[in-house]
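As structure tokens, the structure follows; a few thoughts come after it.
The values are calculated or read from the model by the stated rules, or taken from the named source; none is laboratory data. Owing to the predicted nature of the structure, the values given are computational and were not obtained by experimental measurement. Here the Cβ positions follow ideal geometry from the backbone for every residue, glycine too, while neighbour counts run over all protein chains shown. These area figures cover heavy atoms from the full protein model, side chains too; ligands, DNA and RNA do not enter into them. Shrake-Rupley method; radii C 1.70, N 1.55, O 1.52, S 1.80 Å.
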Amino acid sequence: MKDVLEKIKAEALSVAEDLKDLKGLDELRVKLLGKKGSLTAALKSLGGLSAEERPAMGQMINEVRAEIETLLSKKQEELGSLAMNLALKSEKLDVTMPGTRPYELGKKHPMTLVTDELKDIFIGLGYEVAEGPEIEEEYYSFDALNTPKHHPARDEQDTFYVEAASPCCFVLRTQTSPVQVRTMESRKPPIKIIAPGRVFRKDEVDATHSPVFHQLEGLVVDKGITMGDLKGALSLFAKELFGGSVKTRFRPHYFPFTEPSAEMDVSCFACEGRGCRICKGSGWIELLGCGMVHPKVLSMSGIDPQIYTGFAFGMGLERVAMQRYNITDMRLLYENDVRFLKQF
Ligand code: DAH
């Protein structure tokens, strides 16, 4: 009996030594102490002993059981903390680590914002949006707009000419006005369009110039359109853009494709016309060029000036964006510095 117990103890010790996990420990516990375990079997065999031997052996079995239980619970503790350490290592969470950045939402460029705003205003006034090519025929850029061969706007110093097969010569359009002609050629009045888009001139880059910039053109042609319609429409537009209290004034000017022609100023939104640094003390800010479409331009586009009249206007969009957002250097609009663009 004693030998049996020694063997059980030895087995317990050696198996426990090599245990790797809690599952193995459970198996060992069942094998030794379970209902069919070896120690239980030893206990059962006490019945075969004499009454004198039984108490001493019984006590011995209890001692071995106690020893094994201590051993197993020690082992359980050891394996438990081993498992915990492993889990801690593999599931480590460093709360001081910077989080993964969410994707940043993009924003509309200030030029897009301003273009959208102007489109909204004019669409609200019943205008449609028209488009034309950026590489434009010289005819549409100048001739059809009553801009004669000797006009300085056609000078190579001002315009990017594109080499192309004769007889047609192409330029990067210097204004959005060619869209007027293309629209009049392709449809009958009533016409009421705006044409926003990119234009190109041989300008040096500085705080107020860029060889690529944006304009918005407008054209209205119908029976009985007068300068009064022009003034009414553009004053309304200015109020929509700058607020109801803005004043407008029209100064005589010259454009080859309109007659009469004018420039429209708006009262300075910074000082409300009192005079400040922004309006250079005058109280007024120049906003756009406009005029009654020249009869020659109408007839060259296939519209009878005896029946129809119209007005047109054109404005630089960079200037509107710069005024709207208080931007003092045009280059900021093209450099695409995210720190700048994020602000809109
Ligand atoms: N195209 C002119 C420019 O680039 C702006 C302009 C003035 C357009 C008067 C017009 C107009 O349609 O009627 O300076």
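Tabulated results
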| read-out | value |
| --- | --- |
| Rg/Rg_ref, segment 2-90, where Rg_ref = 2.2 N^0.38 Å and atoms are Cα | 1.28 |
| Residue 209 versus residue 129: modelled label distance in nm, points set 7 Å from Cα along the beta carbon direction | 3.1 nm |
| Backbone HN-Hα couplings from phi across segment 285-292 [Karplus 6.51/-1.76/1.60, Hz, Gly and Pro as x] | 10, 6, 10, 7, x, 7, x, 7 |
| Candidate lysines - alpha carbon under 19 Å from residue 7, same-chain residues fewer than 8 apart omitted | 31, 35, 36, 44 |
| Mean ellipticity per residue at 222 nm, deg cm²/dmol - from DSSP H runs of n ≥ 4 across the chain, formula -39500 (n - 2.57) | -12500 deg cm²/dmol |
| For segment 129-282, the spread of Cα positions along each principal axis, largest first, Å | 54, 43, 26 |
| Coil-residue trypsin sites (Lys or Arg not before Pro) of segment 158-243, DSSP, other Cβ within 10 Å capped at 10 | 223 |
| Cα-based radius of gyration of segment 63-167 once divided by 2.2 N^0.38 Å, which approximates compact folds | 3.07 |
| Inter-label distance for residue 223 and residue 10, nm, one decimal - labels placed 7 Å from Cα along Cα-to-Cβ | 12.4 nm |
| Gaussian network model of the chain, springs between alpha carbon atoms under 10 Å - residue of 128, 11, 138 with greatest fluctuation | 11 |
| Solvent-accessible area per residue, Å², over the chain with all protein chains present [probe radius 1.4 Å] | 59 Å² |
| Most to least accessible of 139, 103, 308, 254 (protein chains only, probe 1.4 Å) | 103, 254, 139, 308 |
| For residue 262, distant residues with modelled amide H under 5 Å away | 253, 290, 291 |
| Partner lysines for residue 149 [C-alpha distance under 24 Å; skip if fewer than 8 residues away on the same chain] | 202, 296 |
| Trypsin sites (Lys or Arg not before Pro) restricted to segment 1-32 and DSSP loop, no more than 13 other C-beta within 10 Å | 20 |
| Cα gyration tensor shape of segment 192-301, rounded if a/c is under 1.5, else prolate or oblate by comparing a/b with b/c | oblate |
| Residues of segment 1-39 with amide N under 19 Å of a point placed 7 Å along Cα→Cβ from residue 86 | 15-29 |
| Karplus-derived 3J(HN,Hα), 6.51/-1.76/1.60, for each residue of segment 109-120, Hz, glycine and proline x | 5, x, 5, 5, 4, 5, 4, 4, 5, 5, 4, 4 |
| Loop GluC sites (Glu not before Pro), segment 252-344, which have at most 15 other Cβ atoms in a 10 Å radius of their Cβ (DSSP) | 272 |
| Sites residue 54 and residue 77, calculated FRET efficiency, Cβ-Cβ separation with R0 45 Å, nearest 0.05 | 0.85 |
| Of all accessible heavy-atom area on segment 2-90, the percent that carbon and sulfur account for (1.4 Å) | 58 percent |
| Rotationally averaged projected area of the chain (alpha carbon convex hull; nm²) | 35.1 nm² |
| Calculated FRET value between residue 245 and residue 337, using beta carbons and R₀ = 35 Å, to 0.05 | 0.50 |
| For residue 294, distant residues with modelled amide H under 5 Å away | 258, 259 |
| DSSP-defined beta bridges in the chain - what % are antiparallel, rounded to 5 | 95 percent |
| Choice from 246, 320, 15 with maximal GNM fluctuation in the chain (Cα, 10 Å cutoff) | 15 |
| Nearest-0.05 FRET efficiency for residue 93 and residue 113, computed from C-beta distance (R0 51 Å) | 0.75 |
| Cα-projected label distance for residue 21 with residue 67, points at 7 Å along beta-carbon direction, nm | 3.0 nm |
| Amide H partners (placed H, <5 Å) of residue 278, local residues excluded | none |
| Heavy-atom accessible area ranking, 1.4 Å probe, most first, across 313, 344 | 344, 313 |
| Cα centroid separation - segment 226-241 against segment 16-95, whole Å | 97 Å |
| Rounded to whole Hz, the Karplus (6.51, -1.76, 1.60) HN-Hα couplings of segment 14-21, x for glycine and proline | 6, 5, 4, 3, 8, 4, 9, 8 |
